[in-house]
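I have placed the structure first, in the form of structure tokens, so that the comments after it can refer back to it.
Bear in mind these aren't lab numbers, they're just calculated from the coordinates by the rules spelled out. Note that the coordinates shown come from a computational prediction; the quantities given were computed from them, not determined experimentally. Neighbour counts run over all protein chains shown; Cβ positions are idealised from the backbone, glycine included.
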Amino acid sequence: MAAALCWGAVGSPRGLRALMRCEMQCARWCLITSRKLYSSLYDPNEKTFEKLLIANRGEIACRVIKTCKKMGIKTVAIHSDVDANAVHVKMADEAVCVGPAPTSKSYLNMDAIMEVIKKTRAQAVHPGYGFLSENKEFARRLASEGVTFIGPDTHAIQAMGDKIESKLLAKNAKVNTIPGFDGVVKDADEAVRIAREIGYPVMIKASAGGGGKGMRIAWDDEETREGFRFSSQEAASSFGDDRLLIEKFIDNPRHIEIQVLADKHGNALWLNERECSIQRRNQKVVEEAPSTFLDPETRRAMGEQAVALAKAVKYSSAGTVEFLVDSSKNFYFLEMNTRLQVEHPVTECITGLDLVQEMIRVAKGYPLRHKQADIPINGWAVECRVYAEDPYKSFGLPSIGKLSQYQEPLHLPSVRVDSGIQQGSDISIYYDPMISKLITYGSNRAEALKRMEEALDNYVIRGVAHNISLLREVIIHPRFVQGDISTKFLPEVYPDGFKGHKLTDLERRELLATAASLYVTEQLRSQRFLGTQRIPIAKSKRSRWELSVRLGDGVYPVAVSKESSSFSVEVDGMKLNVTSEWNLASPLLSVTIDGTQRTIQRLSRNASGDTSIQFLGTVVSEGQEICVIEAMKMQNSMIAAKTGKVKAVHCKAGDTVGEGDLLVELE
């Protein structure tokens, strides 16, 4: 019997032999129970390193620091001048500036980083992902100084970093590869000849590339010539290497990768798969583990081929072998990433292994503690990459600014957030606009997705545009829920670009009722001061309000009646009951509408009383997540402070009036 749950879940399974805790962000990690102990707890008798430098920034630097703290390893952070107050800098035991903001002068500045290593006497370096994580020269320089690189050796980095060489190695290791030309394409004419031999469509891509750069799909000769020119230029500027290769383009594939873990003693494991097909511009947006698509036989075949490739290059560390999988479950080697992947948390959740800890152990020379039969698939995990991006522009163009308000949904069960920012942090133009990785865990996929939906609704981000509305729409889309996905999911589902959530009639009524109830609550609160009426002489017994609510381009009449602690709201001739604690000091409000619980976010309220709220990622024009209550269209009551006779009326029906205008005179 085996079971898994995430730290923070309520309850404790009975009759299980072991319960282990893997500590992570705000103690939210995975608890694993099984007949075997998949423990990632630190063994104080297993000595590794006294001090480790993290050659990275942001959430991955914080992630590495957390495991180091658990293992009793002191940490050194590096940072650029604009990152001086970053979270990873505050978390580390020591921090040293390595240069100005541009990455070439700081996080890619090998000379400066090597100097910090000498100065702090760090014994090992964890590179995280990106930056220098797959730079063989950096690994070589560390080795020459007797400093341990937490990753594979230079041979494996070199072999797998070159797409041409890696494909040849994969073929020799009997790994399925995409049909194509194995050499370097010399010019556009040769590219056309090769493309014709392979058969269109073809993929033209940079030999030294990654992250979607230097890649073009060609469907004919003209596109091949154009693709060769643009890909070679992009490859040269991005990687300093303009070599290209051409291979058959697998139309409408899934992107599924296998996590591998190998030591220096010839042992290697595959830690199951990750489904990474939801992408924009060849970059992943939503990942999950396991995949809905793989059966046990295909999973085993992919895992065994991934391990065969790792052993072929004498790989030692955590690494990822990426495959394209077609609709018939044929799979083809894409590339091997010789580092920790961004999406590694979903694997940690379903296996119970701390991959950073395993990397550190392997780098120190310890053998793996597990056999292949020990590796479980316990439950389901989903990861959403939360970016400071405007999803209404090409599925996400970067947004910069200061996080004026920031609140992670860690109060919810089975939620993990890997981040490197906090309220007040700046999202700058210099670095990747990722805010965090939001991970949810469940005993099955439906539970994990439901928890993700709740986590996205409860994630408060102010000051920058963000992609939560897109993420929420993806995970609730019928195709995604059914597992009917491919790397073309976003352009197929949103051919005209992402427009936001389309409200059903019921959801529209729920939103109008909620917005109106919130507005009335604010009005009632504004009439009170320290628990007493501001104008106690004439108390209002008003219990019904006639409002106009503007939603998108429409204006809707809404009638609100207060009934004890709840509101009865009439919309479209239908009555809805709305209840909430109405804590107006909180950016989050839990509202129940006719028995359905919704979490809304109160975004703003201006001086004229217009209130903006976020509801199910509801959007209007310009991509702004708002529903506006128009206070000026409310039939307000004016209460006289004393008895008198009307002397004069200075306005008529339909006039626009402003603050301080004289409306009525009494005598």
Next on the checklist: How big is the dipole moment of region 215-364 about its Cα centre under a simple scheme where the beta carbon of each Lys and Arg is +1, that of each Asp and Glu is -1, and everything else is neutral? Debye, nearest 20, please.
Outcome noted: 580
Next on the checklist: From the phi angles alone, apply the Karplus equation (6.51, -1.76, 1.60; θ = phi - 60°) to region 114-119 and give each ³J(HN,Hα) in whole Hz, x where the residue is Gly or Pro.
Outcome noted: 4, 5, 5, 4, 5, 5
Checklist entry - What is the sum of charges around Pro201, taking Lys and Arg as +1, Asp and Glu as -1, for the other residues whose C-beta is under 11 Å from the C-beta of Pro201? => result -2
Checklist entry - With a sphere of radius 14 Å drawn around the Cβ of Lys167, what net charge do the other residues whose Cβ falls strictly inside it have (Lys, Arg +1; Asp, Glu -1)? => result 0
Checklist entry - What pairs in Lys51/Lys284; Lys118/Lys402; Lys47/Lys70 have C-alpha atoms more than 23 Å from each other? => result Lys51/Lys284; Lys118/Lys402
Checklist outcome for this item: Looking only at aspartates and glutamates whose Cα falls under 15 Å of Lys575's and that sit 8 or more positions away or on another chain, we get Asp505, Glu507, Glu510, Glu546, Glu563, Asp594
Checklist entry - Shape of region 338-403 from its Cα gyration tensor (a ≥ b ≥ c, root eigenvalues): rounded if a/c is under 1.5, otherwise prolate when a/b > b/c, or oblate? => result prolate
Checklist entry - How do the peptides 260-269, 498-507 rank, highest first, by the average count of neighbouring beta carbon atoms within 10 Å per residue? => result 260-269, 498-507
Item to check | Volume of the Cα convex hull of region 80-191, divided per residue and given in Å³ | outcome: 157
Next on the checklist: Based on the alpha-carbon set only, what is the convex hull volume of region 281-372 divided per residue, in Å³?
Outcome noted: 121
Next on the checklist: If you average the C-alpha positions of region 95-131 and of region 404-466 separately, how far apart do those two centres end up, in angstrom?
Outcome noted: 28
Next on the checklist: Over 24 Å between Cα atoms: which of Lys329/Lys502; Lys329/Lys488; Lys248/Lys329 fall into that group?
Outcome noted: Lys329/Lys502
Checklist outcome for this item: The relative contact order of region 284-392, taking Cα pairs under 8 Å that sit 6 or more residues apart, comes to a percentage of 34
Checklist entry - Tell me, what is the percent relative contact order of region 333-408, built from C-alpha pairs under 8 Å that lie six or more residues apart? => result 25
Checklist entry - From the Cα gyration tensor of region 153-250, with a ≥ b ≥ c the square roots of its eigenvalues, which class applies: rounded if a/c is under 1.5, or else prolate if a/b is larger than b/c, or else oblate? => result oblate
Next on the checklist: When 1/r is averaged over all different Cα pairs and the result inverted, which Kirkwood radius in Å belongs to region 214-282?
Outcome noted: 15.1
Item to check | Neighbour cut-off at most 16 other Cβ (10 Å), DSSP loop, chymotrypsin sites (Phe, Trp or Tyr not before Pro), region 174-234 | outcome: Trp219
